[in-house]
Amino acid sequence: MNVTLRTLWGRFAAFLAIVVFSVCAASAQTPKGDPIKVGFSMSLTGAVAPNGQQLLKALEIWRDDVNAAGGLLGRPVELIHYDDQSSPANVPAIYQKLLSVDKVDLLLGPYATNMAAPAMPVIMQAGKTTITMLAIGVNRHFNYDRYFSMVPVSTEGVAAFSRGFFELAAAQNPKPVTVAMVAADAEFARTAADGAKENAKKHGFKIVYDRSYPPHNTDFAPVMRAVQAANPDIVFVAAYPPDTVGIVRAAHEIGLKPKMFGGTMIGLLATPLKAQLGPLTNNLVIMESFTPAFKFSGLEEVLAKYRQRAAGQKIDPFGYGFVPFGYAAGQILAKAVTETNSLDHDRIAKYIHANSFDTVAGPIKFGKDGEWAEPRTVFSQFQNVEANNVEQFRDGSRQPVLWPEKYRTGTMIYPYAKD
């Protein structure tokens, strides 16, 4: 009987120790105190909302993961954000409010070149560090040492958004000769088109058409008829999501038949627009910042969480184009805060400049200008796309990577359209 009691008491003591340990461990992992506030604007409505909504989900997943692991500096992370409605004019006031009214501790964003550029004077005046989301060439105007860009173009800058396109064109036999350039009259598209002109001239192509269209244009038939009249071998387009749909539809309606067609058509980074256009996308060659061919540590877990949250919400169901970059921006910021044990923006910026980061978007090291030290853009081509089939875009098989060679997963279909 005594042995039995001793055994029972021993088991009870062991159980009690486990409970106490678990409670203490849970307590140690629970962030306490005032939250660390991370502020940003995000395009949740308007022209680039399909992309901004993905980024917001990514940052919410990052916040939840950080808090589940004990927070930052032992404090919970809180996101404070406002919808800039895809309008550059709204952005400066949002960042003023974040800094002066909300008194956020850290900054991210904004998303997109058009919104990042007008935010910079406010951020610079306050001496804050920020990591912008997929903005290109912004810091060439400001040379600000606390700016970092979450877009894989490197110090090559604007030319990176079209280099692969023109290298692919130059590799064809016989080599095409003439190029038409079409771009929205807005910051990102103009910047991408400027880089495209550099690459076209570098490879000896003759530019026979070079026009922009107003940002709110909805009728693209006249634009594409003008392109058709120039009879180019190649058509390079720099367009936003709504424009992309209009341009692709208009090109098919008038029977445009160049030898190569595509460019930086960011609408085609969003799965719903790919599915909406369906077979009309076939043989288009586009720049992508991310692809299912990439397999980085932690990526699948983050995408699985995103897909669960995105279900039924009429946003991109897979998240390849934007989610990795949003989450990775949070990872970089968190690492800098943790390693410096500080919320001081000068110390954070110096740490980011001096170190490399392993993220769900892959390894990242920043150059002096805040751009990636090494580029990681790819060019892919839509092939054998069917109508009304979202699932076909899950694994990348309908959009093989053509360039660069180290990421290539398919062979280019050329010409784009047969005579």
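The values are calculated or read from the model by the stated rules, or taken from the named source; none is laboratory data. In this text, all values refer to a predicted model and were calculated from it rather than measured experimentally. Here Cβ is always computed from backbone atoms with ideal geometry, including for glycine, and neighbour counts include all displayed protein chains. Ligands, DNA and RNA are excluded from the accessible area calculation, which covers all protein heavy atoms including side chains. Shrake-Rupley method; radii C 1.70, N 1.55, O 1.52, S 1.80 Å.
Annotations
- In region 398-411, the qualifying residues are those that are open to solvent by less than 40 Å² (accessible area, probe 1.4 Å) and assigned to a loop (DSSP other than H, G, I, E, B), and the one that is nearest to Lys274 (Cα to Cα) is Gln399.
- Residues (among the small types (Gly, Ala, Ser) and touching a strand residue (DSSP E or B) at 6+ places or on another chain (Cβ under 9 Å)) located in region 127-136: Ala135
- Cβ separations smaller than 8 Å between residues 6+ apart or across chains give the following pairs from region 212-228 residues that are within 11 Å of Ile247 (Cβ to Cβ) to residues that are hydroxyl-bearing (Ser, Thr, Tyr): Phe220/Tyr213; Val223/Tyr213; Val227/Tyr209.
- Contacts under 7 angstrom Cβ, first residue in region 243-260 being closer than 19 Å to Pro176 by Cα, partner assigned to a helix (DSSP H, G or I) and among the small types (Gly, Ala, Ser), 6 or more apart: Met260/Ala169
- Residues in region 95-116 that are modelled with pLDDT of 95 or more and open to solvent by 20 Å² or more (accessible area, probe 1.4 Å): Gln96, Lys97, Leu99, Ser100, Val101, Asp102, Lys103, Asp105.
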